[in-house]
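The values are calculated or read from the model by the stated rules, or taken from the named source; none is laboratory data. Treat the numbers as computed from the prediction; the structure is a model and nothing was measured. Neighbour counts run over all protein chains shown; Cβ positions are idealised from the backbone, glycine included. Just the protein is used for accessible areas: all its heavy atoms, side chains included, with ligands, DNA and RNA removed. Shrake-Rupley method; radii C 1.70, N 1.55, O 1.52, S 1.80 Å.
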Amino acid sequence: MEQRHLGRTGLRVSRIGLGTLTWGRDTDEHDAADMLKAFWEAGGTLVDTADVYGDGEAEYLLGRLMDGLVPRRDLIVSTKAGSVPDPDRRFDGSRGHLLAALDASLARLGTDYVDVWHVHAYDPGTPLEETLQALDLAVGSGRVRYAGVSNFCGWQLAKAATWQLAAPGARTRLASTQMEYSLLQRGVEREVLPAALDLGVGLLPSSPLGRGVLTGKYRNATPPDSRGASEQLAPFVEPYLDDTAGRIVDAVTTAADGLAVTPLQVALAWVRDRPGVTAPIIGPRTLQQLTAALSVEALSLPDEICRALDDVSAPVHRYPDHDWSTL
């Protein structure tokens, strides 16, 4: 699998990442082992998790598999901290919480360090410089090799990345930002992506298949074994089942038919090759789903197909996102 630099750093990662959102909950150890081995054998290196996935079970399971199945040195392990199960405070970006969460993640993963550590979300209740200092301390201690953020809007990302760049050598530059990005969700193109490109921050798109909708499996009905039929995840899928999404899915399906490939391959290739993107993070529940996603490696979409998909999915960008003199 082709490798790409993560932002403006020397770290290279596979251009498709393996997500573990369902590990320890919907994906058991046997299926997780099959997927990790297949991903590794295909040349995949970037494996993404978080301390809250499966209430910690995803990290624990990944640690067990690294211990006996896939060499730790062959993987780029990314995890996240900052989300908390507190209805009164969904995110905790305090230095104390983040560093304690990192220690707990390392224990579950059974490793001395993580390659990339992300702040899971912006915490308005904590000064940003305190949150970022936790990243500096983690990197300085050797427990983290590279740092990033997740779910930061445009001004939050720009402020955080600029703060880190303001004291080169003393602060750790942000390597990456993880954000939802797909043909069904192009909101990052307004401000997040321009900021990331300007500041040298690599984008790791989550839900690159539009929460599974871009595969086309919801066109006629909701499959009983899908996330859309799951009591826990149905609310996550439902926003992308409207008429607007349906028109985009139809266009992806038409493009796939014309290229003799699958809608999944078209949708994933589109986001993988967008400017600023380092590696989409896919979240397969089964080996079959992973194999289908990995088959996109040899596909590059023709320019005319990309333009057609751009047009049908184009978000509305007006003032102040575009130069006011052109409006």
All-but-one check, I281 against (1) at pLDDT 95 or above; (2) over 20 Å from E189 (Cα atoms), failing number (2)
Residue set P168, P124; condition modelled with pLDDT under 95 and either out of contact with any helix residue (DSSP H, G or I) (no Cβ under 9 Å at 6 or more places or on another chain) or farther than 18 Å from D92 by Cβ (or both); output residue P168
Examine the range 110-122 for a residue that is part of a loop (DSSP other than H, G, I, E, B), of a type in the set (D, E) and open to solvent by less than 40 Å² (accessible area, probe 1.4 Å), and state whether such a residue exists. no
The condition from (1) under 15 Å from the mean Cα position of the chain (by Cα); (2) more than 22 Å from T291 (Cα to Cα); (3) of a type in the set (G, A, S) that G10 misses is numbered (1)
Going through (1) over 21 Å from A58 (Cα atoms); (2) among the polar types (S, T, N, Q); (3) open to solvent by 50 Å² or more (accessible area, probe 1.4 Å) one by one, Q232 fails only at (1)
Screening L135, L165 for residues that are over 18 Å from the mean Cα position of the chain (by Cα) and surrounded by fewer than 23 Cβ atoms within 10 Å (Cβ to Cβ) leaves only L165
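Considering Y146, Y181, which residue is touching a helix residue (DSSP H, G or I) at 6+ places or on another chain (Cβ under 6 Å) and hydroxyl-bearing (S, T, Y)? Working first, answer last.
Details: Y146 fails: touching a helix residue (DSSP H, G or I) at 6+ places or on another chain (Cβ under 6 Å).
Result: Y181 is the single residue among Y146, Y181 that is touching a helix residue (DSSP H, G or I) at 6+ places or on another chain (Cβ under 6 Å) and hydroxyl-bearing (S, T, Y).
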Checked pairs for the range 267-283, first on the phi > 0 side of the Ramachandran plot, second at pLDDT 95 or above and crowded, with 22+ Cβ neighbours inside 10 Å, C-beta under 6 Å and 6 or more apart or across chains, list as G276/L193; G276/A196; G276/L203
When (1) open to solvent by 60 Å² or more (accessible area, probe 1.4 Å); (2) farther than 28 Å from R318 by Cα; (3) free of Cβ contacts under 8 Å to residues at least 40 places away in the same chain are applied to G258, the one that fails is (3)
In the range 284-308, anything within 30 Å of L11 (Cβ to Cβ), assigned to a helix (DSSP H, G or I), touching a residue at least 40 places away in the same chain (Cβ under 8 Å) and in contact with a Phe, Trp or Tyr (Cβ under 9 Å, 6 or more places away or on another chain) is listed as L290, L294
